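What follows is a single structure, written as structure tokens, with notes after it.
The values are calculated or read from the model by the stated rules, or taken from the named source; none is laboratory data. Computed from a prediction, not measured in an experiment: that's the story for all the values here. Methodologically, a virtual Cβ is constructed for each residue, glycine included, from the backbone with ideal geometry; neighbour enumeration extends over all protein chains shown. Only protein heavy atoms, including side chains, enter the accessible area calculation; ligands, DNA and RNA are left aside. Shrake-Rupley method; radii C 1.70, N 1.55, O 1.52, S 1.80 Å.
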Amino acid sequence: MSVKKAGLPLLAAILCFITLVACTSNEQVANDNGSQQAEQQTTEKQKNNSDQSNNETSQKNDSKQKDDDNQNESNKQKNESQHQNEENTDKKNTNTPEDDNISSENQNSSVNDKRMLPDGTLTKGDRGNKVNMIQSAFNKMGYSLTEDSVFGPATAWAVKDFQAQQSALTVDGVYGPGTRESIKKAINGQLNITPGSGISKEKINEEQTEDKQDHNQDTNQDQNNVISDPSSILALVNKSHELPAGYVPDNLVIPDVRFPFDADLPKKQMRRSAANALEKMFAAGDKAGIDLFAQSGYRSYDRQEAIFASNVREHGKETANQFSAQAGESEHQTGLTMDVTSADIGFKLTTEFANTDEGQWVKQHASEYGFIIRYPKGKTSITGYQYEPWHLRYVGKSARAIDVQNITLEKFLGVQ
């Protein structure tokens with residue numbers, strides 16, 4: 001009985017010990033798990049902080065790189081802009097003569113105006129580069145002036161014709177400030193100009209004939225007979241029968257024949273009927289085995305005036321008058337004449353042409369195509385000019401009769 005009583009407390013103690021150990025073990029496990037969880041959370045937190053720090057660092061680096069790239073791009077654009085400015089400066093400082101003649105928005109307009117149109121006042125009889133500038137300006141508007149730097153009747157007519165189309169301008173044929181400003185506007189497209197619509201050809205011919213008569217009277221020269229019908233295919237032009245100063249033939253074209261030069265100069269032109277006949281004659285010559293070349297056709301009054309003046313300066317007036325026509329007295333102004341030549345004489349206009357195969361063929365066959373040798377050998381006393389075997393004048397069907405009779409155009413028309 002006593003043993004039982006003693007064992008009960010011992011058993012209770014053992015149970016308490018076992019319970020205490022179990023609780024302690026569970027508490028340790030729990031502590032260990034909690035410590036491990038806490039440690040894991042701490043590690044994860046550190047990792048997250050590290051990742052965040054790395055991201056921030058990466059973002060900062062990206063931002064810095066982007067700033068560097070932007071700065072580099074900015075510097076690059078700045079350098080390119082500076083380089084482009086240098087190129088533009090170089091181009092501006094190395095303009096060619098062609099560039100100088102071309103209007104640009106970046107160029108000074110007043111400079112361009114002076115290049116294109118002269119200042120001051122110019123009138124008939126003036127000469128020089130300023131007149132040439134005016135002639136060039138009128139040709140830009142559609143006129144057909146010979147740019148010979150001579151303010152002759154044709155240039156005066158163009159000025160008057162232009163002035164007549166502007167109510168604010170005085171129609172006096174004088175180039176001045178008002179006319180200059182209007183020309184500038186016309187070239188810039190601010191005014192509509194139709195060449196020839198201001199003053200008729202008949203009117204200007206009458207005025208120029210009166211001017212010529214006044215000039216002859218003022219200089220005590222013999223009064224020449226001005227041709228009443230300059231467009232006639234048989235119009236007689238010589239020292240006593242003069243073309244109106246402003247006469248320009250209609251239907252001027254360039255014949256399809258050989259020339260010893262390439263430029264499309266006015267002297268390539270002829271009236272259409274004469275040009276067609278010349279083409280047929282050249283084609284026949286080709287079949288005959290000769291090589292004709294056309295050298296000089298139409299000449300304006302102003303151009304002839306300049307040529308004669310040049311010959312006078314070089315040879316004197318008396319000598320020049322034997323082989324060179326004064327303005328208005330040249331058949332070239334009719335558009336019915338062409339000087340021809342050949343390679344054998346270096347394309348020159350010389351009496352040696354008569355001894356070439358081409359010269360001999362022309363003498364025998366030119367009349368078959370409506371042409372005559374206008375200044376034949378031994379007829380200087382009639383024609384007023386020395387022998388010119390190269391100078392062909394188109395007279396149409398009358399050529400055969402003139403050739404067969406071996407007479408001049410003057411004789412054929414009953415003038416001599």
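Which residues in the range 270-301 place their backbone N less than 14 Å from a point set 7 Å from the Cα of D256 along the Cα-to-Cβ direction? Hits in the range 270-301 for D256 at 14 Å: 275-284.
Where the alpha-carbon atoms of the range 304-394 are placed on the principal axes, they occupy 36, 26, 24 Å, in descending order. Given R0 = 30 Å, the distance between the Cβ atoms of S228 and Q405 translates into a calculated FRET efficiency of 0.70.
With every protein chain left in place, what is the accessible area per residue of the range 233-310 in square angstrom, probe 1.4 Å? Working shown, then result.
Details: 3320 Å² over 78 residues.
With the other protein chains kept in place, the range 233-310 gives 43 Å² per residue.
Quick check on my link table: of K140/K185; K348/K411; K160/K185, which ones sit more than 19 Å apart, alpha carbon to alpha carbon? Beyond 19 Å: K348/K411.
Note on A164 and D264: their simple-model spin labels are 2.8 nm apart, each label 7 Å out from Cα toward Cβ. Modelled this way, with points 7 Å down the Cα-to-C-beta line, the labels at T121 and Q190 are 2.4 nm from one another. Take 149-156, 324-331, 231-238 and order them by the average number of nearby Cβ atoms within 10 Å per residue, most first; the result is 149-156, 324-331, 231-238. Distance from the C-alpha centroid of the range 283-344 to that of the range 136-161: 22 Å, rounded to the whole angstrom.
To put it simply, the accessible area of the range 313-416 at a 1.4 Å probe is 44 percent carbon and sulfur. Taking every Cα-Cα distance in the range 262-342 and sorting them into 5 Å bins from zero, the calculated P(r) comes out as 3, 15, 20, 21, 17, 11, 8, 5, 1 percent.
Annotation: per residue accessible area for the range 324-391 equals 37 Å², rounded to a whole number [probe 1.4 Å, protein chains only].
Using a 1.4 angstrom probe with every protein chain in place, what is the largest-first accessible-area order of S310, S398, S197? Could you put the intermediate results ahead of the total?
On the way: S310 50, S398 25, S197 75 Å².
Descending accessible area places them as S197, S310, S398.
Inter-label distance, S310 to N129: 1.9 nm, where each label sits 7 Å from its Cα along the C-beta direction.
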